[in-house]
Structures are given as structure tokens and as C-alpha cells.
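Have a look at the structure below, then the notes.
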Amino acid sequence: MLKRIFYGLCLLLLLFFVMLFLFGYFLIRQGFTARSNPPALEKVIATTALSLSIPKTVKEMKNPIPFSQEVLMEARDHFADHCALCHGNNGSGETTIGKNLYPKPGDLRSREVQKKSDGEIYYIIHNGIRWTGMPAWGEKDQDEDSWKLVHFIRHLPYLTKEEEKEMEKMNPISPHEIQEEKEEEKFLEEDNSLGNSSEDKQQNEMRMEKKE
């Protein structure tokens, strides 16, 4: 009996090292590029590790912020300003930055995300996820903003096109857009300056004609 247990453990250990070797080989072959998608094994390991890292007491927590339309609108604006750059206003993750992260942000409207408890979603928002593009938000202690965002994430599967349009007004301006605005302002200033110079020249010519 003991021999069987011993051989079984040895077999499991051997399988573990084989899988580890194959994972390492695949990683080296693929390189450390952020353009590829995580293999299934890596995704399973990462998802399991994340789930195990969240304390049971946190998983069982319910959202302490009562739901209201006012809370939802506040969370919606917060999401548009802080989260949409990677997740998109609709939570799909289909953004320029989101599509080039590793791992890429999941669809927040998906069943996989929506089945998580309030506490799990809050924990991920509040503490972030190591080795991903997901940062920690809020102060070290409990923060209301992260709990309000939980309400908005629950609302994402039902987000309307009108709400997305409203969120676009709150989206941060990219460095490229800022540069374009500066160049446009500079062009208008130079154009106005040239226009003023032309008007001054015409006025001076009219004065000279009157003197003659």
C-alpha cells in the first residue's frame, strides 16, 4: 500500500516537472513578447493563483454601498476616466492599450467575470493583479470608489449606446490628441497674427493715401 502511494506521488511529481519543462520550453520559444496570448496552462495557473490569493472572508463580502442611479452615474464617470483606457467604455478590453497588454484584459461583461462575488471584484480593483497591467486603486483601507465601481461592472452587460456616448466626454485625452490641440492652437495664433499684420498694413496704406 505504501509502495503504491509512493509510486503515485513520484508519478505526479514527474508529470509536474514534465509540464513545467514544456511550459518553460514554450515560453522560451515564444519569447517574452506582450503580443501573444497566454497558453491555456498559464491561464489556468494564473486564474487559480489569483482565486487562492483572495481571502475567503473577502470573497464573502457584499457591497456595502447601496445601489442607486446616482451611485451608478458616479461610478460610470469614474470608470470612463480611470479604467476605459485599457478596458474600453463598454468593458470589452478592445482598446489600443488593452489589446497590447499581456495578459490582455478580459471582457468585463463575460460570465467568467460576472459570476465573481462582490468581494472578489472589489479586491481585484482595490489591490490590482501582479505581473499584469492591472494597478491597485484607492487607499490601503477600504475605499468607496472601488465598491461603487463594482456596481458599474455589474451594469456593464446592460450598458446602452447612449451611456457609452456620455462616457466618451469623460475619457482622458491621449498625449497624441494633446499634441494635435497644441499644434492647432499654434496654427490659429499664427494665422491671426498674419491677419492682424495684413490689416495693419492696409490701414497704414490708407493713411498714407489720405495724407497725399
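The values are calculated or read from the model by the stated rules, or taken from the named source; none is laboratory data. These figures come from a predicted structure and were not determined experimentally. For neighbour counting, all protein chains shown are included, and Cβ atoms are generated from backbone atoms with ideal geometry for every residue, glycine included.
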Got a sec? Which of 97, 125 is surrounded by 14 or more Cβ atoms within 10 Å (Cβ to Cβ), under 11 Å from the mean Cα position of the chain (by Cα) and modelled with pLDDT under 95?
-> 97
Within the set of pairs 6+ apart or on separate chains, which have a first residue in the stretch 136-152 that is touching a residue at least 60 places away in the same chain (Cβ under 8 Å) and crowded, with 17+ Cβ neighbours inside 10 Å, a second that is outside any helix (DSSP H, G or I) and hydroxyl-bearing (Ser, Thr, Tyr), and C-beta atoms under 9 Å apart?
-> 151/68
When the residues of the stretch 1-38 are filtered to those that are among the polar types (S, T, N, Q) and surrounded by 10 or more Cβ atoms within 10 Å (Cβ to Cβ), which remaining residue is modelled with the highest pLDDT?
-> 37
Could you check the stretch 43-100 for helices (runs of 4 or more DSSP H) lying wholly inside it with 2 or more residues that are of a type outside the set (Lys, Arg) and farther than 21 Å from residue 111 by Cα?
-> 69-82
Quick one: would you say residue 50 is under 18 Å from residue 150 (Cβ atoms), touching a His at 6+ places or on another chain (Cβ under 8 Å) and either surrounded by 12 or more Cβ atoms within 10 Å (Cβ to Cβ) or modelled with pLDDT of 95 or more (or both)?
-> no
Filter the stretch 114-140 for residues that are over 19 Å from residue 38 (Cα atoms) and basic (Lys, Arg) and give the result.
-> 115, 116, 140
Out of the residues in the stretch 106-122 that are of a type outside the set (D, E, K, R), out of contact with any Leu (no Cβ under 6 Å at 6 or more places or on another chain) and at pLDDT 95 or above, state the one that is surrounded by the most Cβ atoms within 10 Å (Cβ to Cβ).
-> 122
Would you check if there is a residue in the stretch 59-66 being crowded, with 16+ Cβ neighbours inside 10 Å and either of a type in the set (A, V, I, L, M) or under 18 Å from the mean Cα position of the chain (by Cα) (or both)?
-> yes
